[in-house]
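Only one structure is covered here, and it is reproduced in the block below.
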Amino acid sequence: MIGIVLHAQWYEPLRDTPADRSAAERAIVFFNAWVLDPIMYGNYPNEMQEILGPLLPTFSSEEKEKLMNNRLDFIGVNQYTTLYAQDCLYSRCNCVPSQVDAFVNPTGERDGHPIGEPTAMKGIYVVPYGMERMVTYLKERYNNTPMFITENGYPDASYDNAPVEDLLNDTKRIEYLSSYLASLTTAMRNGADVRGYFIWSLLDNFEWTSGFSLRFGIHYVHYNTSNRIPKLSAKWYKEFLEGGNMVKQI
Ligand SMILES: *[C@@H]1O[C@H](CO)[C@@H](O)[C@H](O)[C@H]1NC(C)=O
Ligand SMILES: *[C@@H]1O[C@H](CO)[C@@H](O)[C@H](O)[C@H]1NC(C)=O
């Protein structure tokens, strides 16, 4: 099977207005359909064409045919979080480069309230319903192509000589994983063809630009010795896989 993995971030409108509702649509399209539409349909999404017009590359009919006849076997979904989308089509956009063209200001807060519980990583909030909505969106837009949740997980803050007992007692990670799995289950019960699920991550790791200051593992790693200790979440996940405990309902 050949597929591609998306950094599948979900967006909700900042306000319940037509402008912010379309901003959320555009944000999702510019983040996800940007990559998948050309592969699946040989075309960039309408929302992108309306804004970017002739700046977008076009596909010859031969290329289109090739793409349509050799669609992906699966879509990989890295789903961690959801942000609000604020329309900035007619105002000033102060957003990250990938969202400039979409005329969207992404934000994690509305009136000072975060969209979900903040985590140790900037921009990652706990928003379990985003998993169901993201997977359902992909199911509907891409004719229920098989999906794998290739990443989903929770970061803890860490520093040199952080107390190991606290890192091992990762109740917030269990809360995160169980609520996201419950949300995924709802999407699957409603027909989403999800074939697999991977936690990020089995082990604490070097986390890109955050280095060793974040720990995503369900196993603690002592970086000086490489010793590994299962966290509470590893025990919880093992029991879950053995069918020993139900996923928490949300
Ligand atoms: C790891 O080694 C460094 C350098 O020797 C030391 O400063 C640090 O305290 C050690 N960390 C732990 C968790 O033992
Ligand atoms: C683990 O954390 C929970 C919630 O913060 C706390 O109630 C519990 O006492 C902690 N357990 C241990 C062994 O530290």
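Values quoted throughout were computed directly from the atomic coordinates according to the rules given, and no laboratory measurement underlies them. Note that the coordinates shown come from a computational prediction; the quantities given were computed from them, not determined experimentally. Every residue, glycine as well, gets a Cβ built from its backbone with ideal geometry; the counts of neighbours run over all protein chains shown.
So, in Å, what gap is there between the alpha-carbon centers of the range 117-181 and the range 15-73?
Each part reduced to its Cα centre gives a spacing of 26 Å.
Could you tell me which residue out of LEU14, PRO155, ALA24 lies farthest along the dipole of the range 3-241 toward its positive end? Charges go on the beta carbon: Lys and Arg +1, Asp and Glu -1, centred on the Cα centre.
Result: PRO155, furthest along the dipole toward the positive end.
So what is the calculated 222 nm ellipticity per residue for the chain, using -39500 (n - 2.57) for each DSSP H run with n of 4 or more, over all residues, to the nearest 500 deg cm²/dmol? Could the numbers behind the result be given before it?
Details: 9 runs with 86 residues, N = 250.
Helix-only estimate at 222 nm: -10000 deg cm²/dmol.
First select every other residue whose beta carbon is under 15 angstrom from the beta carbon of ALA23; then total the charges, Lys and Arg +1, Asp and Glu -1.
Values: positive: ARG15, ARG21, ARG26, ARG92, ARG110; negative: GLU12, ASP16, ASP20, GLU25, GLU47, GLU50, ASP87, ASP101.
Result for the neighbourhood of ALA23: -3.
Starting from the amide H of ASP170, placed 1.01 Å from N in the peptide plane, find each other amide H under 5 Å away whose residue is 5 or more places distant or on another chain.
LEU232, SER233
Where does the charge balance sit around ALA162 when Lys and Arg score +1, Asp and Glu -1, over other residues with C-beta under 12 Å from its C-beta? Could you put the intermediate results ahead of the total?
Values: positive: ARG215; negative: ASP156, ASP160, GLU165, ASP166, ASP204.
That works out to -4.
Going by average Cβ neighbours within 10 Å, how do the peptides 178-184, 42-48 rank, with the highest at the top? Working shown, then result.
On the way: 178-184: 21.9, 42-48: 17.7.
Going from most to least packed, we get 178-184, 42-48.
Quick one: what does P(r) look like for the range 9-168 with 5 Å bins over all Cα pairs, in whole %?
1, 8, 15, 18, 18, 15, 11, 7, 4, 2, 1, 0, 0
How do 17-23, 209-215 rank on mean C-beta neighbours within 10 Å, highest first?
Working: 17-23: 16.9, 209-215: 15.1.
Ranking the peptides 17-23, 209-215 by packing returns 17-23, 209-215.
Run the quick spin-label model on ILE39 and ASP160: label points 7 Å from Cα toward the beta carbon, then report their separation in nm to one decimal.
Label-label distance for ILE39 and ASP160, simple model: 4.2 nm.
Report for the chain the percent antiparallel among DSSP-assigned beta bridges with both residues inside it, nearest 5. Walk me through the numbers before you get to the answer.
Numbers: 15 of 32 bridges.
In the chain, approximately 45 percent of DSSP beta bridges are antiparallel ones.
Relative contact order for the range 3-241: what percent, with Cα pairs under 8 Å and sequence separation of 6 or more? Walk me through the numbers before you get to the answer.
Numbers: 427 pairs, mean separation 42.7, N = 239.
Relative contact order for the range 3-241 comes out at 18 percent.
Please give me the summed charge of the neighbours of VAL135: other residues whose Cβ is under 15 Å from its Cβ, Lys and Arg +1, Asp and Glu -1. Please list the in-between numbers first.
Details: positive: ARG133, LYS139, ARG141, ARG189, ARG195; negative: GLU132, GLU140, GLU151, ASP193.
For residues surrounding VAL135, the net value is +1.
Report relative contact order for the range 81-144 in percent, whole number only (criteria: Cα-Cα under 8 Å, sequence separation at least 6). Please list the in-between numbers first.
Working: 74 pairs, mean separation 20.6, N = 64.
Computed value for the range 81-144: 32 percent relative contact order.
What ranking, highest mean first, results for peptides 77-86, 140-149, 160-169 when packing means the other Cβ atoms within 10 Å averaged over each residue? Intermediate results must be reported in sequence, preceding the final value.
Details: 77-86: 24.2, 140-149: 17.4, 160-169: 11.4.
Sorting 77-86, 140-149, 160-169 by mean packing, highest first, produces 77-86, 140-149, 160-169.
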